[in-house]
Every structure is written in structure tokens, then in C-alpha cells.
Amino acid sequence: MGRKGSRGQRGDKFVGKGPGQGQPSKRGSKGQRGMHGGSDYGSPTDLRKAVLRVFKQRAGKALNHKQISGALGILNHDVRRAVTALMEDLAEKGQLEDLGRGRYVMAAPEFDPSAGGNEGTIQVSRMGTGFVRMADGNEIRVPKNNTADAFWGDTVEVEWWQRGRRSMPRVKRVTKRLREHYVVTVTLVRDYGFGKPSDQRLHTDFFIPGRHLNGATEGDKVLLSLEQWDDPRDQPVGRVVEVLGQQGEHEVEMHAILAEFGLPYQFPAEVSAAAEAFQTSDPDNPHGLDPKEVARRRDFREVLTMTIDPADAKDFDDALSLQKLENGHWEVGVHIADVTHYLQPGSVLDREAVSRATSVYLVDRTIPMLPEVLSNDLCSLRPHEDRFAFSAVFEMNGQAEVVNRWFGRTVIHSDRRFAYEEAQERLETGEGDRAEELKVLGDLAQKLRAKRFKRGGIDFNSEEVRFQLDEAGKPLKVVVKRMKEANKLIEDFMLLANVEVARFLAKVHPEKQVPTRTAVYRVHDRPDPEKLKQLRVFVRRFGHEMPKPTPGNAESLLRDLLSATSGTPEENTVKTMAIRTMAKAEYNTENIGHYGLAFPYYTHFTSPIRRYPDVMVHRLLQRYLDGQASADAGPLDGRCHHSSTMEKRAAEAERASIKYKQVEFLSSRIGETFTGLVNGTIGKGLFVELDGNKCEGFVPKQAFPWDQWVFDEDHMMFEGLRSGTKIGLGDKITVRVVAADMAKRQLEFEWLEEGAVSTTES
């Protein structure tokens, strides 16, 4: 269950070594004479700065003097009292906002309307409080009932109004809606109805007048438009624009998820027609390849070429060729589907691809960026068919060092299509067709990978959840998949191509080491220091000590941690938690490098069938190969931002579909018990991921074993004051499934006493 210990052991985290101390002491013990366990702030001014720094780091979060003292490592009771007095003083001066009961939050900054920049993106809590993230990174807390008609994710204009001696922020107007339509489930009451949003981030239900129901019945999931919302204290008025169907039906739920995140599930007729126009009925040229265009390209049709993809893949956007050169080196060609040959800038197909920006992968289907005529046929590098490609070709020695590279348009012929399982079998046994060639590619890939890790790259490959569904879409089994050597082989060569293309596009100045041309980069910032601290607490549960994070050691911290946990039972759990500390990768014309992969220059070149940024990169690459001047960054910036946004939505939709199927899978197992790992804690309870099937549910505090439970936010754990039991991140517990809410896509567990045994696997 949890860890047993004396109550006096709480807070040991903040005890450091004082003069002559070799061991940590308990909180409040004699001899702890310093201000705190670490450094000394030295003066009231230093302490004031330190306190304000904590509030800024946790903007929008209510904090008391214990939490501030804990964050700063302060142990001395006199200094703790000084922190309390200081917070009161800061509130009087308007730098903090007093929320009562000793809790404070960073006050909203004073706003100068003449300075501009009064727009930001709002997040509204279920209680109605708004938090507006401004363009400069500051966050403004907007009190309840001052959020006007804003929903979570909307872009809003903020203004300040006078309240006594203080200026208070409020939403003046919504300048841009995150969504055009909202997915709700209808409940009928006489001749009108209410709509409960599927997105739990929306803080209020909708009122639907009878004239706006448009045939919706009890329990229907519908698309709703916002018609009126004059008073934020009242419910917004909505109108049904499309009835999706009854909640709980597989097709309805999948369409609802796509609609919830503003993602399309069908192509407009004109887009489909434009794609079909590329098809040819010429028996002498069934693939529609223009002979003149073939003659202009480098011909790889006589070079051994293979694709390696999932067994159920329908589109093949990359292939590898291999041949040995006379000098003993290997020539490896990374051939990518030549989407830009068909996708002309400004065409109806291109505009649709820009809008979608990415393919979407739900549990049972793919929503492609391009119509299937292109994605699954003309652009796809299908076996035994001539296809146009955009290629990165590398001459490599036996140590996987690139001694020469070439970029350009090609024509290829894939000789063999491998599923990952087939390729893996040949890598493991050395038997089967093309086993020798796969071994060469595998050896080169391993050497590329070793160099990347030595340079500081981090291995974040983790387990993936897949479902076996019946014909009706009902989940029969949860399958957890891990990347094997065949998957990594493809990944390593795709990374190589992306890196080399990025450096070519940037045309790095040899002396100043700065880019001289506009490029589209895939960038990834350093980890969040606050989240690294939480990770440090988490891994301690498994017996792993992680050094204190500093600006200079972030790379080595994560790399060493993942190396230490490799091959252990907790490997995947630690890896998942480590990923949560990372910033989100995004597309940008400004390069900051890719932290996770340890590449100073990185882009996406290898998947233009399913990612629009890759299309932009292909066009830039051809532009610079033709000797043209550097491109204007302006239009590219907007598309980079849009692509990053759509990528995030697609990922959220994928997670929502997985979550729905996990809830559906366990809905028939109410009352059964499982073992699981605590992977999240909040004041209201625990998040637990079940062993075997990776399903995640919530244990509310009231479903804990009998005790008086107190939440320690600094340690991210609960403590039973009577039993001394501590439970927090990384602990193993036994739970019973007590509820499965399909509408909310939520599972509820009960934490069982010690001795309960898991009765079910996956």
C-alpha cells in the first residue's frame, strides 16, 4: 500500500547540511540554526525577491506561508513568521492578492492601455475563475463573473476597471473563438433542453430553447452553435446545427471526438474531385508518371529499395535504398513521397492541406491530411510500382559517418514491403529474404543512435496502447506495444535525413554559426525547472536519487535517470513522467534547436503525406537547390503556428479516443480489482494507472481507506495522520473499479486496504 512512517519525518526534503552536519535532521530539530537548509537570503530585500519569484513561478496558484517556506527550504520558525508578515505587506502594496485564510496569489499586473498587447488566451476553471496568458508570457487572474462570454481556449481582450483603490481585470470581449461549434449531450426538459459539453474544460452547460433543438432527442450527441450569452451568470443559449447520434455508439463517439477538437471527418466535394483528376486510365502508364518528368529525375529504380511500416499501413511515405559503392562505402537513400509534385501552392488541394495541417489517428481510423487518391495511391511509395520521390542520399563509411550527401527529386521502385514484425524477425534471426541488407542497415542505424545518445540525445521511446476491436468497435483487448530494433532502424535514418536537410536549408555561416537562410524548424525547448523538481520527488519513490536541477545540468539529469531506470519495472512509468517535464515541440522559423534529440538544427522532411510542415520544407529545399534567394519568413510563420496548433488538437483527439475505449473496456469490469501505479496527485485524490492495460482512473479522497488524510503539496503526497501511511507519486496500490463514466471519459477507483489481490490482467 503506501509507506508507513512517523509523522515527524515529513519535510525532511527541505533539510540540508548546516555547519558541522553530516546527516539530515528532522524538521524543527535543535541545532538547525540557519534560515533554511540551503543558501541564506541574507537580507529582507533578498527574502522579498525570493518570495515574489516563487509566486511568479506559480502564477495563478494560491499559496500560503507554509508552501512558500517549503519551496524556499526555510526551516527557522522566526523566518517563517517573517515570510507571513512579508506576504501581508506585499498584499497591502498590491503585489499579491489576499484570497483569505492565509492564501495569496500573484496580483494582476497593472495595465497601460496605451502600450497595447491587451489580448491573450483564456483558461476558465470549473468554478468560473479565468486565467489569461498574455503574449509576453504573463498570466492574469480574472475573478469569477468577470470572464464575460469567454470559454476555455478563446482569445480575449482584457481591460481594467477601478474597484476601490485597486484596478481589477475583466474580459472586455472575445476576439476569437477557439471553436465554431461545441459537442454536447442533450437532456430534454418539457419543450426545451440542456446541453452538457463533452469537453470537461467548458465550465457551463448550454440552454437549448425548443425552437433550436432541430430534432435532437434525449441522449443525443449534437453539434451546437453559441447563439447568445449576455450574462456570464446565466447559461449560454445554443442552437443544434447537427445531430451526431445517440451517445455510446461507436461511430457517434468517434465523430464527436473529431468535432470536439475542431477536426474534419470528410473532404469537401471540390477537394475530392481535384484529387481524382490526377488518376489516369492510360494502360501504358497506369501510375500516371510523366515520361518527361521521369527523365529529369535521378533514377533509383534499379537500386534495392524497401519500405518498413506497420502491418496495417495504407500509406507509405518513406523508403530506404541500399547499395555498396566501389570504395567499400554504403550508399543509403532516404526516399520520401514527393507530395509537392501533386500539391501545387494555392490550389484547392493545398488550401485544404494547410487547413488540416496533419493527419489524425484515432483508435480505429485515420483521418488523412490528403484525399486517399493521393495519400494511399499516387503519392504512396507502394511496392512494385514506380513512384516519384524527394530523396536524401548519404554515402556512409562503416562507422556510419556521412562522407557525402545529395538532395534532389528521384524516381524509385520499391522491391519489398516489410511489416515491422517481418523486419524484426530477420534482424533477430538473420534469416529470410533481404536479411543481409537489413542487417547492414540495422548496424548503421545502431551506430547513428549511439552517437546521438553520446551527444546528449534522450531516448523517450515508450509503450503505446492499442486496442483489438470487434466489428461494432467494442474493445476486446488492450495491447501494449514497445518499439523494437526494426522501428528504431527507420527512426534513425529519418532523423538523419531531417538533420541534414535542416542544416542545408539553414546554410549555417561557417564562422558565426548562425543560419543565413529562412527555414522551417522543428524546435524543442529545455525542460521546465519546476517540473524537474516534481520528477525528482517522483523517482525517489523507486529508490533513484536525482541531483538538484540547475540550468546547466538538465540534459545530463534526464539522460542519466533514463539510463539508470532502463530495464527496470518502473522504466516506462519514469519515462512517461519525464516526458511530462518537457516543453512541447513545435514548428518555427526561429531556431532554438531540439533539446530532446540534442540536435542544434532539426526539421521535419520525412512525412509530407501526413504533415504540412514537411510540405513547406520540401518546397524550401527545392527553392534553395534551384539557387533562389532566401524565402520570406512572414507567411511561413503563420503556417508554422497553425500547424503546431493543429498537431496539438490531433494529439488531444487521439488521447480522447484512447481514453474513451479504456473506459468502455473497463465498463464491463465494475467491481473487479487491479494493481496500479500512482502517477498523479491533487488535493482531491490520486490518479492511478493500472498494470497490464495502462488504463488510468481517479481515486477520490473519500474513497481512501479510513483515516484522516492530509495533502502535502510540496511532496505531492497524502499522509494519514492516524496511521502514518504516506501515499504519493510512484507508489503501488490495489484499487477496485467502481464507476466508468462514458460521457466524461473518466474511470473512478476505490483504494483498497493492504492484502487485496488483483484478479484481472488485461
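Annotations
- Computed from Cα atoms, the angle from the helix 633-667 axis to the main principal axis of the chain rounds to 70 degrees.
- Distant-in-sequence amide H partners of LYS61 (H built 1.01 Å from N, under 5 Å): MET106
- The fewest-to-most ranking of TYR612, TYR595 by surrounding Cβ atoms within 10 Å reads TYR595, TYR612.
- Once you reduce region 516-547 and region 339-402 to the center of their Cα atoms, the two points are 32 Å from each other.
- Selected from VAL294, PHE407, PHE261, residue furthest toward positive end of dipole (the chain; charges at beta carbon): PHE261
- Between GLU511 and GLU428, residue separation times 0.36 nm minus the direct Cα-Cα distance comes to 25.3 nm.
- Sequentially through region 597-603, phi angles give Karplus couplings (6.51, -1.76, 1.60; θ = phi - 60°) of 8, 6, 10, x, 10, 8, 9 Hz, Gly and Pro residues having no value and appearing as x.
- The structure shown yields log10 I(q)/I(0) by the Debye sum over Cα atoms at q = 0.08, 0.09, 0.11 Å⁻¹, and of the options (i) -0.64, -0.82, -1.22; (ii) -0.83, -0.95, -1.19; (iii) -0.81, -1.04, -1.49 that calculated value carries the label (iii).
- Folded to 0 to 90 degrees: helix 554-565 orientation relative to the chain principal axis, Cα: 80
- Pairs of Cα atoms nearer than 8 Å and 6+ residues apart set the relative contact order; for region 113-176 it is 30 percent.
- Those GluC sites (Glu not before Pro) in region 172-241 that DSSP places in a loop and that have at most 12 other beta carbons within 10 Å: GLU180, GLU218
- Tilt relative to the chain, helix 420-429 - C-alpha long axis, 0 to 90 degrees, to 10: 80
- Listed residues GLN513, ASN64, VAL688: farthest to the positive end of the dipole of the chain (Cβ charges): ASN64
- When only Cα pairs below 8 angstrom with a gap of at least 6 residues are kept, region 514-659 shows a relative contact order of 33 percent.
- Relative contact order computed over region 182-247 (Cα-Cα under 8 Å; 6+ residues apart), in percent: 32
- Cut-off 13 Å between beta-carbons: net charge of the residues surrounding ALA392, Lys and Arg +1, Asp and Glu -1: -2
- Taking amide H as placed 1.01 Å from N in the peptide plane, GLY245 has its amide H under 5 Å from the amide H of LYS221, each at least 5 places away in sequence or on another chain.
- By average C-beta atoms within 10 angstrom, highest first, the peptides 367-375, 474-482: 367-375, 474-482
- Most positive-pole-ward Cα, MET546, THR606, VAL501, against dipole of region 496-635 from beta carbon charges: MET546
- Only Lys, Arg (+1) and Asp, Glu (-1) charged, at Cβ; region 529-582 dipole about Cα centre in debye: 200
- Other-chain or far-sequence residues with amide H under 5 Å of THR358's (modelled H): TYR612
- DSSP-defined beta bridges in the chain - what % are antiparallel, rounded to 5: 90
- Spatial separation of Cα centroids for region 214-247 and region 618-695, in angstrom: 27
- Taken along its three principal axes, the alpha carbon spread of region 617-736 comes to 74, 37, 19 Å, from the longest extent down to the shortest.
- Each peptide in 46-54, 676-684 was scored by the mean count of other Cβ atoms within 10 Å over its residues; highest first, the order is 676-684, 46-54.
- Förster radius 45 Å - calculated FRET efficiency between ASP364 and ASP78 (Cβ-Cβ, nearest 0.05): 0.10
- Rounded to the nearest 500, the 222 nm mean residue ellipticity of the chain from helices alone is -9000 deg cm²/dmol, with -39,500 (n - 2.57) taken per DSSP H run of at least 4 residues.
- Segment THR217-GLN247, length gained on full extension (0.36 nm per residue, minus Cα span): 9.7 nm
- Net charge dipole size for the chain [Lys, Arg +1 and Asp, Glu -1 on Cβ; Debye, nearest 20]: 3940
- Neighbours of THR516 by Cβ distance under 13 Å: Lys/Arg scored +1, Asp/Glu scored -1, total +3.
- ³J(HN,Hα) computed for each position of region 499-515 - Karplus, 6.51 cos²θ - 1.76 cosθ + 1.60, integer Hz, glycine/proline x: 5, 5, 5, 4, 5, 5, 4, 5, 6, 5, 4, x, 9, 7, 6, 10, x
Values in this text are rule-based calculations from the coordinates and carry no lab data. Keep in mind it's a predicted model, so treat the numbers as computed, not measured. Every residue, glycine among them, receives a Cβ derived from its backbone with ideal geometry; neighbour counts consider all protein chains shown.
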